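Note sheet for the following structure.
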Amino acid sequence: MKTTQLMLVSAIASLVAAPAMAQQKTESEKCYGIVKAGKNDCQTATSSCAGTSKTDGQKDAWIAVPKGTCEKIVGASTTPKK
């Protein structure tokens, strides 16, 4: 009987904890100049929507990365390059 109760308590605890873990959101920032062609997150000055950047490393194309990550990537910038 104790094994069944333990399993039931464990199952209930995991159901209660799951939504709280899912709600944890990390802050993100736009990271320019590192996107592969066709993989940008949103429109740029030269392309109309997400997924339309023309070249790898397009200076005005960005992707969202966890805050603080962009500054660690060589060639990346948190502002659009000209």
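The values are calculated or read from the model by the stated rules, or taken from the named source; none is laboratory data. Small disclaimer: the values here were computed from a predicted structure and weren't measured. Glycine gets a Cβ as well: all are built from the backbone with ideal geometry, and neighbour counts include every protein chain shown.
Could we say that T78 is at pLDDT 90 or above, surrounded by 13 or more Cβ atoms within 10 Å (Cβ to Cβ) and touching a helix residue (DSSP H, G or I) at 6+ places or on another chain (Cβ under 9 Å) here? Taking the combined requirement at face value, the residue satisfies it.
Of all residue pairs spaced 6 or more apart or on separate chains, those with beta-carbon atoms under 6 Å, a first member in the stretch 27-50 that is closer than 8 Å to I63 by Cα and a second member that is hydroxyl-bearing (S, T, Y) and not in a loop (DSSP other than H, G, I, E, B) are Y32/S77.
Evaluation of T44 against the conditions (1) surrounded by 15 or more Cβ atoms within 10 Å (Cβ to Cβ); (2) modelled with pLDDT of 85 or more shows that the sole unmet condition is (2).
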